[in-house]
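A quick write-up on the structure given underneath.
The values are calculated or read from the model by the stated rules, or taken from the named source; none is laboratory data. Predicted, not measured: the structure shown is a model, and the values here were computed from it. Note that we place each Cβ from the backbone using ideal geometry, even for glycine, and neighbour counts take in every protein chain shown.
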Amino acid sequence: MENTDRMSNYLVLLKIRQTAYHRIVLFAGGLFLFAILSTTGTLLLTEWNERSVYLMAMFNVLFIVNFLMAWARLEITKENIELVNHLQIQD
């Protein structure tokens, strides 16, 4: 009985984490999209300076890494939820 109660409490915690990670993925994706669009707009409207191009490219790479890490955390949490659901069925 106590083990099932712990599993259900952990499942609730995982679902809360899933909604938080989903929100972070949406925010990081929007930030990355905004960075790509602003970089493209800046490069189209201004003179190309080698230093600024490298700087903007570095920020775009950091934004995509942030998005991919958030997405990986979300997928791991989804798999943990599936695992806990499967373990609860087994008990």
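Of note:
- Members of segment 35-54 that are of a type in the set (S, T, N, Q) and either touching an Asp or Glu at 6+ places or on another chain (Cβ under 8 Å) or in a helix (DSSP H, G or I) (or both): Ser38, Thr39, Thr40, Thr42, Ser52
- Among the candidates Leu14, Leu45, residue that is more than 24 Å from Val65 (Cβ to Cβ), more than 14 Å from the chain's Cα centre (by Cα) and at pLDDT 90 or above: Leu14
- Test: residue in segment 33-43 that is closer than 25 Å to Gln90 by Cβ and of a type outside the set (Ser, Thr, Tyr): no
- Put simply, of Ser38, Ser8 the only residue that is among the polar types (S, T, N, Q) and in contact (Cβ under 8 Å) with a residue 60 or more places away in the chain is Ser8.
- Whichever residue in segment 60-74 is over 16 Å from Gly30 (Cβ atoms) and surrounded by fewer than 13 Cβ atoms within 10 Å (Cβ to Cβ) and, among such residues, is nearest to the chain's Cα centre (by Cα): Ala72
- Contacts under 8 angstrom Cβ, first residue in segment 13-33 being under 26 Å from Val84 (Cβ atoms), partner among the charged types (D, E, K, R) and surrounded by 12 or more Cβ atoms within 10 Å (Cβ to Cβ), 6 or more apart: Gln18/Lys78; Tyr21/Arg73; Ile24/Arg73
- Cross-chain or 6+ apart pairs with Cβ under 8 Å, segment 57-70 first and at negative phi and polar (S, T, N, Q), then part of a helix (DSSP H, G or I) and surrounded by 15 or more Cβ atoms within 10 Å (Cβ to Cβ): Asn60/Phe32; Asn60/Ala35; Asn60/Thr39; Asn66/Ala28; Asn66/Phe32
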